[in-house]
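Trainee: Could you have a look at this structure, given as structure tokens, before my questions?
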Amino acid sequence: MQKIGVLTGGADCPGMNSVIRAIVRKGMQDGFVVSGIKNGWLGLIENDMRILDARITSGILDRGGTILGTSRMESPLEEHVLNTISENFKRSGLDAVIAIGGENTLKLGLDLFKEKGLPVIGVPKSIDNALSGTDYAFGFDTAVNIATECIDRLHTTAESHHRIIVIEVMGHYTGWIALEAGIAGGADIVLVPEYPIKIDDVCEALHSRHRRGKTFSLIVVSEGANIEGYSLIQKNRETERRKRLTNIGEILASLIEQNTGYETRVSVLGHIQRGGSPSAYDRMIGTQFGVKAVDLVKEQKFGQMVSLHDGKIRSVDISLAVKKRKTIDDDVYKISKIFTEA
Ligand code: F6P
């Protein structure tokens with residue numbers, strides 16, 4: 001009987017368990033044994049895995065996080081670490097690995113495929129929706145829904161107190177969450193990494209709203225937003241490795257208060273956007289991605305990643321997905337400008 005290993009790497013993401021469940025159910029149906037590798041690629045370094053079955057994966061479709069645990073690891077890994085992974089892969093009797101993850105997890109999968117001949121299949125996840133080669137990475141829809149609900153809640157309190165509320169959302173180097181939740185939540189200003197802006201322009205937009213009798217404003221700011229002179233991304237680009245982006249909401253709020261005198265509050269949504277139950281869409285896409293990943297193993301299409309393209313589940317080379325970050329859709333950004341200021 002052939003054995004598939006499955007792992008979840010990088011940031012956890014709503015829908016991971018839906019994918020795991022689908023891989024186990026479809027894998028078993030197709031005659032595979034499915035082994036769950038603990039904590040991403042780390043599980044193959046530490047040889048930490050266990051067989052998964054329908055009972056273990058029952059009732060997890062709607063559960064957030066990942067039953068396998070996760071860890072963050074970045075490419076390139078040292079040669080001896082790649083060797084350990086490859087040796088443990090062989091020793092465990094695995095015939096393929098399905099890596100569910102974002103940029104870093106998939107890059108490592110690609111390294112192992114290319115350099116050590118590991119039969120790797122990728123499944124794209126990212127609340128940031130920043131992976132190329134696919135129209136969608138699961139987790140994003142849930143994050144946008146959570147952020148939108150938070151914006152709705154902050155709307156009423158901003159209005160009652162005649163305040164500016166800055167809502168900092170995740171997204172890392174891209175502005176997908178800010179853009180889509182900003183439009184869905186009716187934000188007055190949306191700030192994203194892809195479009196630099198001057199703080200003076202933000203303040204002028206707030207003044208302009210006040211002159212029109214709008215004494216409150218909601219600003220959705222992506223954690224990587226490019227506010228000229230204050231971009232955290234610019235600073236991070238100077239270092240090679242992935243950095244956490246923190247504090248842009250606080251920086252923006254204090255600049256607004258200093259420059260306009262308007263009372264301003266900040267709400268950092270943070271990991272709330274990643275926690276809890278996946279949306280129906282993410283459960284559905286996750287299930288389809290999991291089933292397709294098993295098909296790709298059967299077809300021996302190693303080095304490929306499951307993808308969504310024009311509404312159909314397909315596959316692409318992992319190299320395509322990790323080559324370039326997928327930035328926000330300019331047409332959607334233009335639409336947002338009809339409803340926002342600055
Ligand atoms: O990539 C997902 C993400 O949630 C980003 O939006 C965010 O910048 C980062 O992970 C946060 O990472 P951590 O959970 O390590 O703080």
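Trainee: Go over the candidates N88, N129 one by one and state the one that is touching a Leu at 6+ places or on another chain (Cβ under 6 Å) and polar (S, T, N, Q).
Mentor: Exactly one of N88, N129 is touching a Leu at 6+ places or on another chain (Cβ under 6 Å) and polar (S, T, N, Q), namely N88.
Trainee: Just the residues that are away from the ligand (no atom under 15 Å from the Cβ) and in a loop (DSSP other than H, G, I, E, B), please, taken from region 264-277.
Mentor: Within region 264-277, S277 is the sole residue that qualifies.
Trainee: When you go through S315, S319, S307, S279 one by one, which is the residue that is modelled with pLDDT of 95 or more and more than 24 Å from R21 (Cβ to Cβ)? Lay out the reasoning, then the answer.
Mentor: Numbers: S315 fails: more than 24 Å from R21 (Cβ to Cβ); S307 fails: more than 24 Å from R21 (Cβ to Cβ); S279 fails: more than 24 Å from R21 (Cβ to Cβ).
Testing whether each residue is modelled with pLDDT of 95 or more and more than 24 Å from R21 (Cβ to Cβ) leaves just S319.
Trainee: Right, something else. State which residue is farthest from the ligand (Cβ to nearest atom) when the search covers only region 20-33 and only residues that are farther than 24 Å from G275 by Cα and surrounded by fewer than 24 Cβ atoms within 10 Å (Cβ to Cβ). I'd like the intermediate steps shown before the answer.
Mentor: Narrowing region 20-33 to residues farther than 24 Å from G275 by Cα: 25-33.
With surrounded by fewer than 24 Cβ atoms within 10 Å (Cβ to Cβ) added as a condition, the list becomes 25-26, 28-33.
On the way: R25: 27, K26: 27, M28: 31, Q29: 32, D30: 32, G31: 35, F32: 30, V33: 31 Å.
Residue satisfying both the conditions and the ranking: G31.
Trainee: On to the next question. Being crowded, with 19+ Cβ neighbours inside 10 Å and under 20 Å from the mean Cα position of the chain (by Cα) narrows it down to one of S319, S279, so name that one.
Mentor: Details: S319 fails: crowded, with 19+ Cβ neighbours inside 10 Å.
Being crowded, with 19+ Cβ neighbours inside 10 Å and under 20 Å from the mean Cα position of the chain (by Cα) holds for just one of S319, S279, which is S279.
Residue-by-condition table, conditions (1) polar (S, T, N, Q); (2) touching a residue at least 12 places away in the same chain (Cβ under 8 Å); (3) surrounded by fewer than 20 Cβ atoms within 10 Å (Cβ to Cβ); (4) over 21 Å from I285 (Cβ atoms):
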residue: S18; (1), (2), (3), (4): yes, yes, no, no
residue: R50; (1), (2), (3), (4): no, yes, yes, yes
residue: T70; (1), (2), (3), (4): yes, yes, no, no
residue: V81; (1), (2), (3), (4): no, yes, yes, yes
residue: S86; (1), (2), (3), (4): yes, yes, yes, yes
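Yes/no matrix, rows are residues, columns are (1) within 22 Å of the chain's Cα centre (by Cα); (2) assigned to a strand (DSSP E or B):
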| position | (1), (2) |
| --- | --- |
| N39 | yes, no |
| N47 | no, no |
| I60 | yes, no |
| R63 | yes, no |
| I85 | no, no |
| A99 | yes, yes |
| F113 | no, no |
| G122 | yes, yes |
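Trainee: Let me ask another. Evaluate region 281-297: report whether one residue or more is of a type in the set (V, I, T), in contact with a strand residue (DSSP E or B) (Cβ under 9 Å, 6 or more places away or on another chain), more than 20 Å from Y136 (Cβ to Cβ) and within 16 Å of the ligand (Cβ to nearest atom). Spell out the reasoning first.
Mentor: Taking region 281-297 and keeping what is of a type in the set (V, I, T), we get 285, 287, 291, 294, 297.
With in contact with a strand residue (DSSP E or B) (Cβ under 9 Å, 6 or more places away or on another chain) added as a condition, the list becomes 285, 291, 294, 297.
Remaining after also requiring more than 20 Å from Y136 (Cβ to Cβ): 297.
Okay, now just the ones that are also within 16 Å of the ligand (Cβ to nearest atom), so none.
No, region 281-297 contains no residue that is of a type in the set (V, I, T), in contact with a strand residue (DSSP E or B) (Cβ under 9 Å, 6 or more places away or on another chain), more than 20 Å from Y136 (Cβ to Cβ) and within 16 Å of the ligand (Cβ to nearest atom).
Trainee: Being crowded, with 18+ Cβ neighbours inside 10 Å, under 25 Å from the mean Cα position of the chain (by Cα), free of Cβ contacts under 8 Å to residues at least 40 places away in the same chain and part of a helix (DSSP H, G or I) is the requirement here; does G43 meet it?
Mentor: Values: crowded, with 18+ Cβ neighbours inside 10 Å: yes; under 25 Å from the mean Cα position of the chain (by Cα): yes; free of Cβ contacts under 8 Å to residues at least 40 places away in the same chain: yes; part of a helix (DSSP H, G or I): yes.
Judged against the criteria, G43 is a match.
Trainee: Kindly indicate whether G270 is modelled with pLDDT of 95 or more and farther than 30 Å from H155 by Cβ.
Mentor: Here the answer is no, as G270 does not meet what is asked.
Trainee: Going by the conditions given, is I256 more than 16 Å from the ligand (Cβ to nearest atom) and either surrounded by 15 or more Cβ atoms within 10 Å (Cβ to Cβ) or over 20 Å from the mean Cα position of the chain (by Cα) (or both)? Walk me through it before giving the result.
Mentor: Values: more than 16 Å from the ligand (Cβ to nearest atom): yes; either surrounded by 15 or more Cβ atoms within 10 Å (Cβ to Cβ) or over 20 Å from the mean Cα position of the chain (by Cα) (or both): yes.
In short, yes.
The values are calculated or read from the model by the stated rules, or taken from the named source; none is laboratory data. Owing to the predicted nature of the structure, the values given are computational and were not obtained by experimental measurement. Methodologically, a virtual Cβ is constructed for each residue, glycine included, from the backbone with ideal geometry; neighbour enumeration extends over all protein chains shown.
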